[in-house]
Amino acid sequence: MTTKLRAIHGDITSLNVDAIVNAANSSLLGGGGVDGAIHRAAGPELRQECQRLQGCNTGEARITGGYRLPAKHVIHTVGPVWNGGADREAELLASCYRESLRLAVSAGLRSIAFPCISTGIYGFPAEPAARIAVQTVQEFVASAPELEEVVFCCFSDEDLRLYQHALGEQIVRG
Ligand code: AR6
């Protein structure tokens, strides 16, 4: 079976998928943006489990329960802070998507939703970030047919447009 990729506009904390991905920081102890929203919605038990993980490096990922979220799990990944582009930001962003998918497959999960990692507080430009996200996920799922669905959950209309464009381009090239 081929994996379905789709972009939607919405709040990732409301999605009923096997895992939502959190754009965390290296402490894994919460913050603003989507990280704050996920911790608020999941409840204090999420922070307690995160504390036991003792942090996460940029480009890596860790999995926890979803607690009060509709999603069964949260996969926490730490995106790169944008620093002009010559600091391996693109490579590290791709690694976030790959490592999150790798964890999902290892845990036997079938559906996963990503936010637009690094494009908020961390300042990664939205257009290249969308291209990297779509390309990295497409490359990964080509050899992971057990994943049924990957959702790109966009918080703005502009991000949704960028993802639809990136997904459309991939289909044409396909
Ligand atoms: N659902 C989906 N997307 C969201 C939501 C939501 N509820 N809320 C925000 N976004 P950001 P980063 C989008 O800043 O750039 C935190 O403090 C948002 O519009 O959350 O990776 C962490 O602790 C943007 O498109 O993450 C780190 O310190 C995207 O999520 C730092 O921010 C990512 O924006 C990580 O920064």
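Computed values, structure above
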{"quantity": "Signed unit charges on C-beta, dipole axis of the chain, positive-most listed residue C153, V134, Y163", "calculated": "C153"}
{"quantity": "Contour excess over end-to-end distance, with Cα ends at R6 and S106 and 0.36 nm allotted per residue", "calculated": "33.8 nm"}
{"quantity": "Estimated 222 nm signal from helices in the chain, with DSSP H stretches of n ≥ 4 weighted -39500 (n - 2.57), rounded to 500", "calculated": "-13000 deg cm²/dmol"}
{"quantity": "Region 35-144: trypsin sites (Lys or Arg not before Pro) in DSSP coil with no more than 16 other Cβ atoms inside 10 Å", "calculated": "R68, K72, R88, R110"}
{"quantity": "S26-E91 pseudo-label distance in nm [points 7 Å out on the Cα-to-Cβ vector]", "calculated": "1.7"}
{"quantity": "Size of electric dipole in region 1-104: Cβ of Lys, Arg +1 and of Asp, Glu -1, about Cα centre, debye, nearest 20", "calculated": "300"}
{"quantity": "Under the Karplus curve 6.51 cos²θ - 1.76 cosθ + 1.60, θ = phi - 60°, whole-Hz ³J(HN,Hα) for region 68-82, x wherever Gly or Pro sits", "calculated": "7, 7, x, 6, 6, 9, 10, 9, 9, 10, 10, x, x, 7, 5"}
{"quantity": "Geometric extent, Cα atoms of the chain - Rg, Dmax (angstrom)", "calculated": "14.7, 45"}
{"quantity": "Residue of A24, A129, A41 that the Gaussian network model of the chain assigns the largest fluctuation, springs spanning Cα pairs under 10 Å", "calculated": "A41"}
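Each reported figure results from applying straightforward, stated rules to the coordinates on display, with no laboratory input. Every value quoted in this text rests on a predicted model; they were computed, and no experiment measured them. As a convention, Cβ positions derive from the backbone with ideal geometry for all residues, glycine included, and neighbour counts pool all protein chains shown.
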